[in-house]
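J.: One structure follows; several queries about it will come next.
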Amino acid sequence: MGGWGVDRCSQGRVCDNILDAAIDCIVGSGVDTVQITQIAAGAGISTRTLNRYYPEKNGLLSEAASKFLWKTYTTIIEEYEKVDKTGTTGLERLLLFLKLWKDYYRTDAVEAMMFIDMKMSRVRHGMKKYSWTVPGGDRIKEIVIDALERGKQDGSIRDGIDSSRASALVTATYNGVIQRKMCLSCSASPQEAGNGLLDIFNDYIDMLVVYVRS
């Protein structure tokens, strides 16, 4: 198993080059239109060589998505865990985490859309031997559940919330917010799309506070 929870091929450096090329190609072409020939050219190898490492395009896309998601999640997690949260309520911890997530996309709306594209690619292509587990994704769930449980104990979040279900709601809805906003902003400039994305993030956080407190 590799660092991002999927089966890795034995030649690690070559695999990393292929996956990085796949991610770069997806940024330029989109996950649904990227071609194996593009990825091979980006990795500096022949299509035949690429096929030796990744005989199935779907498997390659799934692993590239895993690598990208792992990097995205762990970046957000590292920022959250660096903050001194001594004396903070559960609700304050939840809002801190969501703010860091929002700030991650403050200057790069294209990356926000890529995040969603890659996540959806995992859903579409991760059906066989490729692991569904992304370590960062599991830790994000733990962070949200911990914040909700702390909030119920300190009174900042209402008792009736099922923390496990609510954690799925928080993360899935947040991802959905990104996806829908970016789709609606596809003709806007990255700066315009990014500004609109921040506005809708703020609205979502306001609604979430009402949900967890009422």
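J.: Listing Ile45, Ile39, Ile157 from the residue with the fewest other Cβ atoms within 10 Å to the one with the most, what is the order?
T.: So the residues, fewest neighbours to most, are Ile45, Ile157, Ile39.
J.: Something else now. Determine ³J(HN,Hα), in whole Hz, for all residues of segment 51-61 in sequence, where each value follows from phi through the Karplus function 6.51 cos²θ - 1.76 cosθ + 1.60 and θ = phi - 60°; x replaces Gly and Pro.
T.: 5, 5, 8, 9, x, 10, 4, 4, x, 5, 4
J.: I would also like to ask the following. For a quick check: with amide H placed at 1.01 Å from N, whose amide H comes under 5 Å from Ser156's, ignoring anything fewer than 5 positions away on the same chain?
T.: It is Gly90, Leu91, by chain and number.
J.: Estimate the FRET efficiency between Lys82 and Asp24 by the formula 1/(1 + (r/R0)^6), using the beta-carbon distance for r and 30 Å for R0, to the nearest 0.05.
T.: For Lys82 and Asp24, the calculated efficiency is 0.55.
J.: Between Thr47 and Val14, what FRET efficiency follows from the Cβ-Cβ distance if R0 is 22 Å, with the result rounded to 0.05? Spell out each step's value before the answer.
T.: Working: r = 14 Å, r/R0 = 0.64.
Taking R0 as 22 Å, the efficiency between Thr47 and Val14 is 0.95.
J.: Residue-wise, which Karplus ³J(HN,Hα) couplings in Hz belong to segment 85-98, taking 6.51 cos²θ - 1.76 cosθ + 1.60, θ = phi - 60°, and x for glycine or proline?
T.: 3J(HN,Hα) across segment 85-98, in whole Hz: 9, 4, x, 8, 7, x, 5, 4, 5, 4, 5, 4, 4, 5.
J.: Applying the Karplus parametrisation 6.51 cos²θ - 1.76 cosθ + 1.60 with θ = phi - 60° to the phi angles of segment 38-44, what ³J(HN,Hα) value in whole Hz is obtained for each residue in order, glycine and proline being reported as x?
T.: So the Karplus estimates, Gly and Pro as x, are 5, 5, 4, 4, x, 7, x Hz.
J.: At a Förster distance of 25 Å, what's the computed FRET efficiency of Asp103 paired with Asp206, Cβ-Cβ distance as r, to 0.05?
T.: E(calc), rounded to 0.05, equals 0.90.
Since every read-out is calculated from the coordinates, none of them should be taken as a lab result. Quick caveat, the model's predicted, so the values are computed rather than measured. Cβ sites come from the backbone with ideal geometry, for glycine too, and all protein chains shown count toward neighbours.
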